Structure formats: C-alpha cells, structure tokens
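Student: Pasting in a structure now, in structure tokens, and then I'll have a few things to ask.
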Amino acid sequence: MSEITSPRDLFLHELGDILYVEQKLAEEVLPTLMEEVTDDELRKGFEKHLRETEKHVENLEKAFQKLGEPAEAEECIGFEGLKSEHDQLVQESSPDLIDLVDAGAAARTEHYEIAAYESLIAMARGLGERDVIELFEKNLKDEKETLREVESVAKRLAKEHAKAGQTA
Ligand SMILES: [Fe+2]
Ligand SMILES: [Fe+2]
C-alpha cells in the first residue's frame, strides 16, 4: 500500500529526505572532508559550510515545527549514492588528487541540495505553506554560494594540476 498519497505527504517526505542529508553532512561528511583535504582554501570552505549546515538542520526543524509535524529524517538514497561514489573514488585515486575528488563531490552535493530546496519551495507554494518558504530560501542561498566557491577552487586546482603536468 502506498504511504505517500497526497502532495502534502510527498512534501513532508522530501522535507525528511533533506533533513537526513543536512544531518549527515553536519555530523559525518563535512568533518571527514575537512580532514581529507590538504588545500587550505578548500578546508576553510568546508569548515564555513559545516557551520552553515548546522544552521540548515535547525531551519528544517523549525519548518517541521511550523507545519505541526515531528521532525523525522528519511534515509536519502540519492545522497547515499553520492557518498558511496565519493568513498570509492577516494580509494581509487592517488593522494595528490584527493582535493580535486572532494571538490567535485562537494559540487555534486550542492547541486543535489539546490534541487531539493527549489523543489520544496515550489511544493510549499502549491500547498499554501508560505511560512516555511523563507527558511528554505535561507538554506538555498547558502548552497548556491557554496557551489560557486567550491567550483572556483576546483577550477584553480585543475589549473594547478595542468601546470604541474606540463612541467613534469
Ligand atoms: Fe545544506
Ligand atoms: Fe550544502
């Protein structure tokens, strides 16, 4: 039997899904990435985003509260896929490429989060749940900014590798 039978059910499911992602990022993934990388700008970026991500979790909990629903995380299979892809790539890559691997994984994750928040905003509008939109927009703004930052680091790292390749 279907458990999700209304647009509101789907909305709450998607909200639980992104709560899972934000919690995992704050508790496990961003601290791991901070330890993994050697590039200073990249590590500082992850550190900054870790603090923002802790706030994202709080904003989502507030959204559940405004909706009068318990804040329940739903295992997000899409994010688990991104995470396993990253873990496998780290195993397969030489140490000098880990910064580039992590910048790429971070960019993919930000795209995933951006899509999730844009979709939640559209669903909240459709359901007339205007109170929660501002909370989603706050998170979305941070994700977009983080994506820009991580893309700029990735470009620099790629250039540095290209240069090193030419002189080697
Ligand atoms: Fe986030
Ligand atoms: Fe993010």
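Student: Run the numbers on the range 10-159 and let me know its relative contact order in percent, using alpha-carbon pairs under 8 Å that are six or more apart.
Tutor: In percent, rounded to a whole number, it is 31.
Student: Treating the angle as unsigned and between 0 and 90°, give the value, to the nearest 10°, between the Cα long axis of helix 7-24 and the longest Cα principal axis of the chain.
Tutor: Here the helix axis deviates by roughly 40 degrees.
Student: Positive end of the dipole of the chain, charges at C-beta (+1 Lys, Arg; -1 Asp, Glu), about the Cα centre: which of 91, 37, 76 has its Cα farthest in that direction?
Tutor: With unit charges placed on the Cβ atoms, the residue in question is 37.
Student: Another question, then. What are the chymotrypsin sites (Phe, Trp or Tyr not before Pro) within the range 1-55 that DSSP puts in a loop, where the Cβ has at most 10 other Cβ atoms within 10 Å?
Tutor: Counting only loop positions with at most 10 other Cβ atoms within 10 Å, none of the chymotrypsin sites (Phe, Trp or Tyr not before Pro) in the range 1-55 qualifies.
Student: While we're here: Peptides 125-138, 106-119: what's the order by average Cβ count within 10 Å, highest mean first?
Tutor: 106-119, 125-138
Student: Okay, next question. With a ≥ b ≥ c taken as the square roots of the eigenvalues of the C-alpha gyration tensor of the range 7-167, please select rounded if a/c is under 1.5 and otherwise prolate if a/b is larger than b/c or oblate if it is not?
Tutor: prolate
Student: Let me ask you something else. Tell me which lysines have Cα within less than 26 Å of residue 24's Cα, excluding those fewer than 8 residues away on the same chain?
Tutor: Within reach: 44, 48, 55, 62, 66, 83, 138, 141, 144.
Student: Additional query: What is the magnitude of the charge dipole of the chain about its Cα centre, with +1 placed on the Cβ of each Lys and Arg, -1 on the Cβ of each Asp and Glu, and no other charges, expressed in debye to the nearest 20?
Tutor: So the magnitude is around 700 debye.
Student: While we're on this one: Calculate how steeply helix 133-167 sits against the longest principal axis of the alpha-carbon atoms of the chain, using the helix alpha-carbon long axis, and give the answer as 0 to 90 degrees to the nearest 10.
Tutor: The two axes meet at around 10 degrees.
Student: Which of rounded, prolate, oblate describes the range 1-86, given a ≥ b ≥ c as roots of the alpha-carbon gyration tensor eigenvalues and a/c under 1.5 marking rounded, otherwise prolate only if a/b is larger than b/c?
Tutor: Oblate, since a/c reaches 1.5 and b/c is not below a/b.
Student: Distance from the Cα centre of the range 138-162 to that of the range 1-51, in angstrom?
Tutor: Distance between centres, Cα-based: 17 Å.
Student: As a check on your grasp of the helix formula, calculate [θ] at 222 nm for the chain: sum -39500 (n - 2.57) over DSSP H runs of n ≥ 4, divide by the residue count, round to the nearest 500.
Tutor: Using -39500 (n - 2.57) per qualifying helix, the result is -27500 deg cm²/dmol.
Student: How high is the relative contact order of the range 33-114? Use alpha-carbon pairs under 8 Å, at least six apart in sequence, and give a whole percent.
Tutor: 35
All of the numbers you see were taken from the coordinates with simple rules; none came from a lab. All values derive from a computational prediction rather than experimental measurement. Neighbour counts run over all protein chains shown; Cβ positions are idealised from the backbone, glycine included.
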